[in-house]
Amino acid sequence: THIFLDFFGFGQSADIDIVLNDADTRKKAEHKGEDGRKDKYFLFYDGETVSGKVNVTLKYPGKRLEHNGVKVEFIGQIELYYDRGNHHEFVSLVKDLARPGELSQSQTFDFEFTHVEKPYESYTGQNVKLRYFLRATISRRLNDISKELDIVVHTLSTYPELNSCIKMEVGIEDCLHIEFEYNKSKYHLKDVIVGKIYFLLVRIKIRHMEIDIIKRETTGTGPNIYHENDTIAKYEIMDGAPVRGESIPIRLFLAGYEITPTMRDVNKKFSVRYYLNLVLIDEEERRYFKQQEITLWRKGDIVRRSISHQAVIASQRFEGSSNLEKSQSQSQSNEDDSS
């Protein structure tokens, strides 16, 4: 039957394959799929060109392949799990590689999507998925032959200039008064949250105290809005009762946790936000908590830039240039960026 189907053009008489031009040198990034498994994909950034080859291999040499055109697409799409099959495409580019006709032998087609806009970070969540992929298609009268190649996109941010510290108070009248302070409100994904907790008044017996990092994914709009809260990290501050006037330092390293940059209202479809949650539990199992949003961002690889700045400074020093101070202050700000 298989040969019979192929002979009449019902089966797949060709294989199609996509190979990126810089596959040997391009960095790969781990990304979690819907099944929770992590795989490695080629990593791209906004504005980068995506180029490669589409290989069409005929399975039966000597047998021609009739087709209605060969094309390759670059697609960025969002899929909401409660609305399966309905894909919202925010990037959709197409290149025609061959006009309708027939292929008498296997063939390779080059393609290039120049400086492609990739505005959002790839994301697989509880209720939503944002993915980018290339799709090559041989259009046929009865059944298209197509192949997809997923890529991963990371969005980079620059160091936020205004990064005020967070100060908060938790109080229960005449029982408890706590102040806590975090060193900033915006953290990059490999940052350290540094903080301090001051106990100004303690009249209830606190048994346990922790800081949680909560990830909140929001999908949908209006009446169909879903919130999915996930505790990413738990950091025990203390076990036992604090006394008045005590202060406790906090150092929470983010690098070990599965976190993404903060995503606000992506394509009007979903948001991903992060919160620091201070939780106190007293001896009667009552819970007190205070939540504060923090912003997470992905830092670019700025090391190369600061090295080149150091080279410039060295050469200027050698020439006794008067621009020395200016370049030093410039490099200082870059080194601050990359520290």
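Want the number for ASP46 to GLU181: 0.36 nm per residue separation, take away the alpha-carbon distance, what's left?
Working it through step by step, the gained length comes to 45.1 nm.
The order of SER247, SER164, SER13 by accessible area, most exposed first and with a 1.4 Å probe, is SER164, SER247, SER13.
Taking θ as phi - 60° and the Karplus parameters 6.51, -1.76 and 1.60, the scalar couplings of the stretch 100-105 work out to x, x, 9, 9, 9, 8 Hz in sequence order, x denoting glycine and proline.
Between TYR82 and TYR257, full extension at 0.36 nm per residue minus the direct alpha carbon distance yields a gain of 60.3 nm.
With R₀ fixed at 41 Å, the C-beta to C-beta distance from ASN277 to ARG99 puts the FRET efficiency at about 0.10. Shown is the FRET efficiency for ILE172 and GLU34, computed with R0 = 35 Å from the Cβ-Cβ distance and rounded to the nearest 0.05: 0.20.
Summarising the label geometry, the points placed 7 Å from Cα in the beta-carbon direction at THR108 and GLU148 lie 2.6 nm from one another.
When the surface is traced with a 1.4 Å probe over the full set of protein chains, GLU285 keeps roughly 120 Å² accessible. A simple spin-label model places the labels of GLU89 and ILE225 3.1 nm from each other, with each point 7 Å out along Cα-to-Cβ. For PHE289, the solvent-accessible surface with a 1.4 Å probe is about 130 Å², rounded to the nearest 10.
Each residue, LYS234 and HIS115, gets one label point 7 Å from its Cα in the Cβ direction; the gap between the two is 5.0 nm. Of the beta bridges in the stretch 166-297, as assigned by DSSP with both residues counted there, near 95 percent are antiparallel. Once the Cβ-Cβ distance between ARG135 and ILE214 is put in as r, and R0 is 35 Å, what FRET efficiency do you end up with, to the nearest 0.05? It comes to 0.45.
The values are calculated or read from the model by the stated rules, or taken from the named source; none is laboratory data. What you see is a predicted model, and the numbers here were worked out from it, not measured in a lab. Every residue, glycine as well, gets a Cβ built from its backbone with ideal geometry; the counts of neighbours run over all protein chains shown. Just the protein is used for accessible areas: all its heavy atoms, side chains included, with ligands, DNA and RNA removed. Shrake-Rupley method; radii C 1.70, N 1.55, O 1.52, S 1.80 Å.
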